[in-house]
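Asker: My questions all concern the structure below.
The values are calculated or read from the model by the stated rules, or taken from the named source; none is laboratory data. Computed from a predicted structure; not experimentally measured. Neighbour counts run over all protein chains shown; Cβ positions are idealised from the backbone, glycine included.
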Ligand code: CP
Ligand code: NVA
C-alpha cells in the first residue's frame, strides 16, 4: 500500500516535524542556487477539477527543480469528464506516473483515487481539507514564531480551517476558531481532532478568538463551489473581517496569514494583507518548498 496524503491526519507529529525540517533544507538549497535531481525519472499527474494558481505552479516547479516531470490534467480533458470512473483512472495513471495529485470538488473523490491507486495520492484541496496548504503554513509559522503558539482562525470553518484544526491536534498548539453561527468547522473533523489530541475552542466572537493570538488566519467567505452563496455570505460574515482594528486586539507581534486567493476588502483589508504583520506572500512561496518535502517523503 503506498503512503497517501489525503488528510493532515495521515501524518504523525514526527513526520510533520521531519517534513518542515526537510522543506527548510530544500528552501536553503534553492536560495543558494543548488538544485539536485531528487525526482529524476519521476512523473507527477496533477488532476484539476477546480482552478488553481499556487498549487498548480508550485507542484509543477517543484518537480522541474528536482529533475522530474509534472503533467497538468484538467478534469474535462481526461476521460473522467466523459464518465470514465475514478477507480479506473487511478489504476491506469498508476501504471505511468510516480504519484497523483488531485484537486477535487468532493473529498470522496480523492479518497476513491487513493483507494484504487498503486502510487501515492496527494490531496491538492477538496471541500473537506487542504493538507498541502497546511504544511506550507506550518513551515511559515515555524520560521517566524516556532510552533508553540496560539492560532486564531477567523471566518468560515472551511477546508483550510479543518486541516489546520487537525494540525493543531497533532502538534498540540492552541487554536481558537471564530465563525458566524452555522459556519463552524465540520463535526467529523472536530471529532477526529478530539481523538488525536485537543479540539480547538469554537466561538462566534472574533475578538475573543484573537485575544492573545500569535497568528491570525483567514480565508475567503465563499470557497470554490459556493459561488452562488456569495451574496448571502457577504452579509453573514461582515463582522468577521480581518482589519486593522481586529489585528490590534491580538498580541503586538501577531502574524497574519491567508492561503490566497483573497477577496481584498471582504475577509481581509488591503492594509492588513500589505501591512507589517502579514506573512501571506511568504506563505505562498513556502508552498513550493513544503511540496518538495511532501514529494520526497512520498516518492523520493
Ligand atoms: N492556496 C491555494 O491553494 O491556492 P490556489 O487555489 O491558487 O492553488
Ligand atoms: N477555501 C478556499 C481555499 C482556496 C485555496 C476554497 O476552497 O476555495
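Asker: Which fully enclosed helices (runs of 4 or more DSSP H) of the range 7-116 have 3 or more residues being free of Cβ contacts under 8 Å to residues at least 60 places away in the same chain and within 16 Å of ligand 1 (Cβ to nearest atom)?
Answerer: Values: elements: 13-31, 54-65, 86-94, 107-116.
Output list reads 54-65.
Asker: Working only within the range 250-300, note down all residues that are under 14 Å from the mean Cα position of the chain (by Cα) and at positive phi.
Answerer: Matches in the range 250-300: 260 only.
Asker: When the residues of the range 252-272 are filtered to those that are closer than 20 Å to residue 142 by Cα and crowded, with 16+ Cβ neighbours inside 10 Å, which remaining residue is farthest from ligand 1 (Cβ to nearest atom)? It would help to see each step written out before you state the result.
Answerer: Here is the first cut: in the range 252-272, the residues closer than 20 Å to residue 142 by Cα are 252-260.
Checking the rest, the ones that are also crowded, with 16+ Cβ neighbours inside 10 Å come to 254-260.
On the way: 254: 21, 255: 17, 256: 15, 257: 11, 258: 9, 259: 4, 260: 5 Å.
Across the range 252-272, the extreme among qualifying residues is 254.
Asker: Right, here's the next one. Please specify each residue of the range 197-212 satisfying the condition of being part of a loop (DSSP other than H, G, I, E, B) and either touching a strand residue (DSSP E or B) at 6+ places or on another chain (Cβ under 9 Å) or surrounded by fewer than 14 Cβ atoms within 10 Å (Cβ to Cβ) (or both).
Answerer: Just the residues of the range 197-212 that are part of a loop (DSSP other than H, G, I, E, B), to begin with: 197-200, 204-205, 211-212.
Answer for the range 197-212, where residues must be part of a loop (DSSP other than H, G, I, E, B) and either touching a strand residue (DSSP E or B) at 6+ places or on another chain (Cβ under 9 Å) or surrounded by fewer than 14 Cβ atoms within 10 Å (Cβ to Cβ) (or both): 198, 199, 200, 204, 205, 211, 212.
Asker: Taking into account only those residues within the range 213-240 that are buried (at least 20 other Cβ atoms within 10 Å of the Cβ), within 16 Å of ligand 2 (Cβ to nearest atom) and assigned to a loop (DSSP other than H, G, I, E, B), which is farthest from the chain's Cα centre (by Cα)?
Answerer: 237
Asker: Is the range 86-93 home to any residue that is more than 16 Å from ligand 2 (Cβ to nearest atom), surrounded by fewer than 18 Cβ atoms within 10 Å (Cβ to Cβ) and modelled with pLDDT under 95? Steps first, answer last, please.
Answerer: Here is the first cut: in the range 86-93, the ones more than 16 Å from ligand 2 (Cβ to nearest atom) are 86-93.
Adding the requirement that they be surrounded by fewer than 18 Cβ atoms within 10 Å (Cβ to Cβ) leaves 87-88, 91-92.
Next, from what is left, pick out any that are modelled with pLDDT under 95: none.
No, the conditions are met nowhere in the range 86-93.
Asker: Scan 125, 80, 73, 151 and give me the residue that is more than 16 Å from ligand 2 (Cβ to nearest atom) and crowded, with 24+ Cβ neighbours inside 10 Å. Step through it out loud before you land on a result.
Answerer: On the way: 125 fails: more than 16 Å from ligand 2 (Cβ to nearest atom); 80 fails: crowded, with 24+ Cβ neighbours inside 10 Å; 73 fails: crowded, with 24+ Cβ neighbours inside 10 Å.
So the residue among 125, 80, 73, 151 that is more than 16 Å from ligand 2 (Cβ to nearest atom) and crowded, with 24+ Cβ neighbours inside 10 Å is 151.
Asker: Here is a further query. Applying the selection to the range 177-196, what residues are over 20 Å from the mean Cα position of the chain (by Cα) and crowded, with 16+ Cβ neighbours inside 10 Å?
Answerer: Result: 180, single match.
Asker: Against the definition (loosely packed, with under 15 Cβ neighbours inside 10 Å and within 16 Å of ligand 2 (Cβ to nearest atom)), how does residue 106 come out, yes or no?
Answerer: Working: loosely packed, with under 15 Cβ neighbours inside 10 Å: yes; within 16 Å of ligand 2 (Cβ to nearest atom): yes.
So residue 106 fits the description; yes.
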